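Beneath this line is the structure, given in structure tokens, with notes to follow.
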Amino acid sequence: MPADLTGKRIVVTGAATGIGRSTTLRVSANGAKVAAFDVNDADGAATISDANEAGGDARYWHVDVRDEAAVAGAVAAAETWLGGIDVLIHVAGVLQGAAVDLDEFPEDMWDTVIDINLRGSFTVSKYVSGVMKKQGSGVIILTASGAGVLGGSSSFAYGSSKGGVHGLALVMEARLSEHGIRVNDVLPGEVATPLKITQVKIMHEAGGSAGNLEEKIGALVSPDEISKVYAFLASDDASMVKGSVRTR
Ligand SMILES: NC(=O)c1ccc[n+]([C@@H]2O[C@H](COP(=O)([O-])OP(=O)(O)OC[C@H]3O[C@@H](n4cnc5c(N)ncnc54)[C@H](O)[C@@H]3O)[C@@H](O)[C@H]2O)c1
């Protein structure tokens, strides 16, 4: 039985490719009206046209999650277009610095990853939670990772940023429930997306683990599978689910 999202007003970030694209298509097919944010406008437009051709009601905004003014403007525009925001599914993120040694890790790469993954999660949550606080209800789903939460990471900056996102979700869960806002963070496991496939190739070339590259890529889970978890968490059936959700 697909998660029933009939009438839900949902914002999805990182909607252009990978997990965000699959999640946009799924929640749209399950009845939600979707405001999609990304910086990759060509793939973002393709996600929206695929969602709408399948009978959905979705719209795209160019939003760099590092840009506070852009986030504030897009959240306000999405609130108006949707008529409120029931669910934020924040998926946007980057992985840079895989296999780079700590003593050689560039400061600007560190800043980029932390800004997009951690500060972006904070900024998008900040503006969406303001809308939800007025409503007295909402669901915020952040995207952490096993990296920096359950163990190590191929990238010092990536693992650190995701540890931060996990911490942010725990703090938000504790502080926002009094406003009727449920907060979850998803640790999506190893999913076949542009981000992960690039990382697997880099680690393979760096000699990270034995084995065949095609088999390593073939072992990844499809983003469509993971989108079912996000759709469930967005639904009322997940009202008793608190905090972190692991899919591996
Ligand atoms: N694929 C995995 O195995 C895996 C594992 C754990 C966590 N994650 C997390 O899942 C999320 C989605 O990643 P994915 O694997 O689908 O990769 P992806 O590269 O396909 O998707 C990331 C999306 O974020 C967008 N994005 C990047 N920078 C942005 C910015 N500054 N502002 C707005 N949008 C931006 C990209 O354009 C892209 O559409 C990321 O947060 C990633 O860290 C992925």
LYS201 - accessible surface, heavy atoms, 1.4 Å probe, Å² rounded to 10:
90 Å²
If unit charges are put on Cβ atoms (+1 for Lys and Arg, -1 for Asp and Glu) and the dipole of the chain is taken about its Cα centre, the option from LEU102, ILE202, ALA74 lying farthest towards the positive end turns out to be ALA74
If you project the alpha carbons of the range 121-193 onto the principal axes, what extent comes out on each, in Å, largest first?
40, 22, 18
Can you pull the percent of the chain's accessible area that's carbon plus sulfur, 1.4 Å probe, other chains left in place?
53 percent
Given the Cα atoms of the chain, and with Rh set as the inverse mean 1/r over their pairs in the Kirkwood sense, what is Rg to Rh to two decimals?
0.96
Which of the lysines could be linked to LYS126 by a straight reach, that is with a Cα gap under 18 Å, when you skip same-chain ones fewer than 8 residues away?
LYS134, LYS162
Could you calculate the FRET efficiency of ASP57 with HIS179 from 1/(1 + (r/R0)^6), where r is the beta carbon distance between them and R0 is 25 Å, rounded to 0.05?
0.40
First measure r as the distance between the Cβ atoms of LYS201 and SER49, then evaluate 1/(1 + (r/R0)^6) with R0 = 25 Å and state the FRET efficiency to the nearest 0.05.
0.30
By how many degrees, between 0 and 90 and to the nearest 10, does the Cα long axis of helix 18-29 differ from the longest principal axis of the chain?
20 degrees
Keeping all protein chains in place and using 1.4 angstrom, which order do ILE114, ILE226 fall into by accessible surface area, from largest down?
ILE114, ILE226
Per residue accessible area in Å² of the chain, where ligands, DNA and RNA are left out and the probe is 1.4 Å:
44 Å²
Per the 1/(1 + (r/R0)^6) rule, R0 = 30 Å and r from the Cβ atoms of ASP108 and ALA210, FRET efficiency to 0.05 is 0.35
Relative contact order of the range 1-110, please, whole-number percent, based on alpha carbon pairs below 8 angstrom and at least 6 residues apart.
29 percent
Cross-link table LYS33/LYS216; LYS201/LYS242; LYS8/LYS133, entries beyond 28 Å C-alpha to C-alpha:
LYS33/LYS216; LYS201/LYS242
What list of ³J(HN,Hα) couplings, whole Hz, do you get for the range 100-105 from phi and the Karplus terms 6.51, -1.76, 1.60, once you set θ to phi - 60° and write x for glycine and proline?
7, 5, 4, 6, 10, 6
Could you pull the accessible area for TYR127 with a 1.4 Å probe, rounded to 10 Å²?
60 Å²
For the range 187-204, in residue order, the Karplus 3J(HN,Hα) values (coefficients 6.51, -1.76, 1.60; θ = phi - 60°; whole Hz; Gly and Pro = x) are 10, x, x, 10, 10, 6, 10, x, 4, 6, 5, 4, 5, 4, 5, 4, 5, 5
Amide H neighbours of VAL183 under 5 Å, counting only residues 5+ apart in sequence or on other chains, H built in-plane at 1.01 Å?
ILE140, GLY243
Roughly how much of ARG21 is accessible, in Å² to the nearest 10, using a 1.4 Å probe?
70 Å²
Shape metrics for the range 1-80, restricted to C-alpha atoms - Rg then Dmax, Å
11.9, 40
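The values are calculated or read from the model by the stated rules, or taken from the named source; none is laboratory data. Because the structure is predicted, anything quoted here is derived from the model rather than measured. So basically every Cβ, Gly included, is an ideal-geometry build from the backbone, and we count neighbours across all protein chains shown. Protein only, heavy atoms only, side chains kept; ligands, DNA and RNA dropped before computing areas. Shrake-Rupley method; radii C 1.70, N 1.55, O 1.52, S 1.80 Å.
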